[in-house]
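Data block below; observations after.
The values are calculated or read from the model by the stated rules, or taken from the named source; none is laboratory data. Since the model is a prediction, treat every value here as computed from it, not as a measurement. Every residue, glycine among them, receives a Cβ derived from its backbone with ideal geometry; neighbour counts consider all protein chains shown. With ligands, DNA and RNA removed, areas are computed over all heavy atoms of the protein, side chains included. Shrake-Rupley method; radii C 1.70, N 1.55, O 1.52, S 1.80 Å.
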Amino acid sequence: MEIKVLKNIMHANQQIAEDNRKSFSEKHITVINVMASPGAGKTSTILKIIDTLKDKVGLGVIEGDIASSIDAEKVDALGIPVIQINTGGGCHLDANMIKTVMPDLKIQDNSIVFIENVGNLVCPSTFDLGESIKMVIASVPEGHDKPFKYTSMFEAADIIVLNKTDLMPYIDFDKDMFYKGVQALSQKATVIEVSCRTGEGVDSLVDWLIERHNSAS
C-alpha cells in the first residue's frame, strides 16, 4: 500500500511538471533548478549570475528554504522579482509549489528563472519541477567524493558548477577524482569551475546559460 501511494504522488508531480514545462516553453522562459547541499554556494552563484545578466535579459528567482527569507531579501535588494517558498520542514520543492507561485513572480516572456531548491543532495533530484536545466553546485570544501555518494543528483545534472575553487590550495581536494566520478555518471553534463569570491569562471557559466537560453527561445 505504501508503494502504491508513493507511485501516485510521483505520478501526480510529474503530470504537473509537464504542464509547467509546456507553459514555460510557450513563454520562452528558461527555468533553472539549482540544487546543492547547504553552504555549497547556491545563493552566491545566483547573485553573481544576476550581477552579470541583469541588464541583458529578464530574470526572476524562486527561493526554496525550510524557513526564513534571508536569501530572497538578497535577491530583492538587486531589484529582481523574487518569490519565497518555505517548506516548513520539507526537504525539497515540488512541481505544484512552482505552479502555484509562478503567476505572482510577474516576469516577462523570454526570461530566465532560477529556482533555488532546498539545500539537499538527495530529495530534490527526484522531483521534476518542469525546469529546462538542472544545475548542481558542488563546492571544494565538501570534498571530491560527492559524485560517488550522491549518484542520482549528479547523474541528472545538465551542468555542474564546482564552486569555491579559490580554496583549492588549502584543501585536500582531488580534482581528477571528482571529474572521474562525474564522467562515470553522465556524459552530457558540462562542468564549470567557479569562485564566487574572486569571480573566476562566472563569465564562462553565464555564457553557457545564455547559449542554452537563446537556443531554446
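Tabulated data for the structure shown
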{"item": "Failed item, numbered, when Asp172 is tested on (1) out of contact with any Gly (no Cβ under 9 Å at 6 or more places or on another chain); (2) loosely packed, with under 14 Cβ neighbours inside 10 Å; (3) not in a helix (DSSP H, G or I)", "result": "(1)"}
{"item": "Residue check for Lys48: more than 16 Å from the chain's Cα centre (by Cα), among the basic types (Lys, Arg) and either open to solvent by 40 Å² or more (accessible area, probe 1.4 Å) or over 20 Å from Asp158 (Cα atoms) (or both)", "result": "no"}
{"item": "Selection status of Ile85, within 17 Å of the chain's Cα centre (by Cα) and open to solvent by 80 Å² or more (accessible area, probe 1.4 Å)", "result": "no"}
{"item": "Count of residues meeting criterion [of a type outside the set (D, E, K, R), open to solvent by 40 Å² or more (accessible area, probe 1.4 Å) and either without any contact (Cβ under 8 Å) to a residue 12 or more places away in the chain or touching a Pro at 6+ places or on another chain (Cβ under 9 Å) (or both)] in the range 24-45", "result": "1"}
{"item": "Criterion (modelled with pLDDT of 95 or more, within 18 Å of Ile50 (Cβ to Cβ), surrounded by fewer than 21 Cβ atoms within 10 Å (Cβ to Cβ) and not acidic (Asp, Glu)) met by exactly one of Gly201, Gly143", "result": "Gly201"}
{"item": "Hits in the range 51-77 (condition: surrounded by 20 or more Cβ atoms within 10 Å (Cβ to Cβ) and hydrophobic (A, V, I, L, M, F, W, C))", "result": "Leu59, Val61, Ile62, Ala72, Val75"}
{"item": "Test: Ile98 is in contact (Cβ under 8 Å) with a residue 24 or more places away in the chain, of a type in the set (Val, Ile, Thr) and either out of contact with any Cys (no Cβ under 6 Å at 6 or more places or on another chain) or open to solvent by 30 Å² or more (accessible area, probe 1.4 Å) (or both)", "result": "yes"}
{"item": "Conditions (1) more than 19 Å from the chain's Cα centre (by Cα); (2) in a helix (DSSP H, G or I); (3) crowded, with 16+ Cβ neighbours inside 10 Å; number of the one not met by Ala184", "result": "(3)"}
